[in-house]
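J.: Take a look at the following structure, please.
The values are calculated or read from the model by the stated rules, or taken from the named source; none is laboratory data. The structure displayed is predicted, hence computed values, not measured ones. Here Cβ is always computed from backbone atoms with ideal geometry, including for glycine, and neighbour counts include all displayed protein chains.
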């Protein structure tokens, strides 16, 4: 497989994480404030205008994206072996480099998020009037039956495969069973997270995208529930049959994450007249 | 179907929830057997402490309006509308009794109280007829 396939998968991830997602997220700065208290927003137009006009977060993300792509390109073009290079294969260097760059960027993103939410909680009080639906939300409202059946079946088959292979003696030992415990824990964790998602309190994206947001969220969780299956199949291949599917498996995992990001980016507002949308016009009025 | 709570209202928040759910049942918007959101969902949506919503649900359950069926969820009871009507009637009866006792205490006669009530009802009817 050409090294450019790896590069394209990683470059797509970099673009999604550091260009498209921040751009989509930035336009929701004001709706997030309006979501907490629209009156505060109306009373602090100067602060809101400053926040709306601020580009340093977007620019920081773009710079990090450019640095990431440049570093990956340098490895792909053999201009450098990369800081983690050495004797490792080029695809492995690309994989590790992408993971490290993504982790560093994500940590910085988390710091930004913590600062933003702390600011929001400190300075924007919750509105006195609060609304809630009396209709319960359940997973089946947001994810069709065939999808749910497919995911559950895949997860169960995958976990059964581990047990069968272990019982048949094709693989075993402490390494094998601890790997099994890991994929089982991941499967349970993602299942619980997917089940809890419909009960999440509606926020600004729900108001902007309507029920489509929760539907997309469920699809994303569905995709994430595939990751233990992919990782598990890789581990089974390695333990039982001596394959080394690290490269393909890792590319598949990254592609799942990319698909999840594309699902979120594909969301379109359903209510252009919603309060969140009129925030800017209210400010400029 | 939404409910709205006002955190600055003198009426406690859990009572606002109870009242609004009862009103929805009385109006037929929440039919017998209709599922209600979980405590967690409603508390999250209203950005309230879970205990506040749990207290409201407990009160509705004690009054026989809703039924919590373990993991299946919370549902409106079959006879909920009758219960709500009964609760409303008994509350109204209590209020009227208190009022009458207070007016008698003020030294008003039965005839005067009757006149006051009739006048109040007339005013209320006029208000109702105004679109």
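J.: Of all helices (runs of 4 or more DSSP H) completely enclosed by the stretch A:3-71, which ones contain at least 2 residues that are in the same structural domain as residue A:110 (by TED's automatic domain parsing), within 21 Å of residue A:254 (Cβ to Cβ) and touching a helix residue (DSSP H, G or I) at 6+ places or on another chain (Cβ under 9 Å)?
T.: Per the criteria, A:3-15, A:21-26.
J.: For the stretch B:22-33, which residues satisfy the criterion of being within 10 Å of chain A (Cβ to nearest Cβ) and surrounded by 14 or more Cβ atoms within 10 Å (Cβ to Cβ)?
T.: B:24, B:30
J.: Within the stretch B:59-76, restricting attention to residues that are more than 14 Å from every other protein chain (Cβ to nearest Cβ) and farther than 16 Å from residue A:136 by Cα, which residue is surrounded by the fewest Cβ atoms within 10 Å (Cβ to Cβ)?
T.: Residue satisfying both the conditions and the ranking: B:62.
J.: If you go through the stretch B:26-64 one residue at a time, how many are more than 14 Å from the chain's Cα centre (by Cα), without any contact (Cβ under 8 Å) to a residue 40 or more places away in the chain and part of a loop (DSSP other than H, G, I, E, B)?
T.: Qualifying residue count, the stretch B:26-64: 5.
J.: Moving to a separate point now. Among the residues of the stretch A:118-145, write down those that are out of contact with any helix residue (DSSP H, G or I) (no Cβ under 6 Å at 6 or more places or on another chain) and more than 14 Å from chain B (Cβ to nearest Cβ).
T.: Result: A:118, A:119, A:122, A:123, A:144, A:145.
J.: Then there's this: Output the residue which, of all residues in the stretch B:34-58 that are more than 25 Å from residue A:37 (Cα to Cα) and out of contact with any helix residue (DSSP H, G or I) (no Cβ under 8 Å at 6 or more places or on another chain), is farthest from the other protein chains (Cβ to nearest Cβ).
T.: Within the stretch B:34-58, the match that is farthest from the other protein chains (Cβ to nearest Cβ) is B:58.
J.: Looking at (1) more than 7 Å from chain A (Cβ to nearest Cβ); (2) assigned to a helix (DSSP H, G or I); (3) within 27 Å of residue A:139 (Cβ to Cβ); (4) free of Cβ contacts under 8 Å to residues at least 40 places away in the same chain, which is the only condition residue B:19 fails?
T.: (3)
J.: Is it the case that some residue within the stretch A:234-252 is within 18 Å of residue A:152 (Cα to Cα) and either under 18 Å from the mean Cα position of the chain (by Cα) or more than 14 Å from every other protein chain (Cβ to nearest Cβ) (or both)? Full working, then the answer.
T.: Applying the first criterion (within 18 Å of residue A:152 (Cα to Cα)) to the stretch A:234-252 yields none.
The answer is no, given that none of the residues of the stretch A:234-252 is within 18 Å of residue A:152 (Cα to Cα) and either under 18 Å from the mean Cα position of the chain (by Cα) or more than 14 Å from every other protein chain (Cβ to nearest Cβ) (or both).
J.: So in the stretch B:79-131, with the set limited to residues that are surrounded by 10 or more Cβ atoms within 10 Å (Cβ to Cβ) and not in a helix (DSSP H, G or I), which one is modelled with the lowest pLDDT?
T.: B:79
J.: Given (1) touching a helix residue (DSSP H, G or I) at 6+ places or on another chain (Cβ under 6 Å); (2) under 14 Å from residue B:35 (Cα atoms); (3) modelled with pLDDT of 90 or more, identify the lone condition not met by residue B:61.
T.: Looking at each condition in turn, residue B:61 falls short on (1).
J.: Any idea which of A:85, A:105 is outside any helix (DSSP H, G or I), away from every other protein chain (no Cβ under 14 Å) and either surrounded by 13 or more Cβ atoms within 10 Å (Cβ to Cβ) or modelled with pLDDT of 90 or more (or both)?
T.: Numbers: A:105 fails: outside any helix (DSSP H, G or I).
Exactly one residue qualifies, and that residue is A:85.
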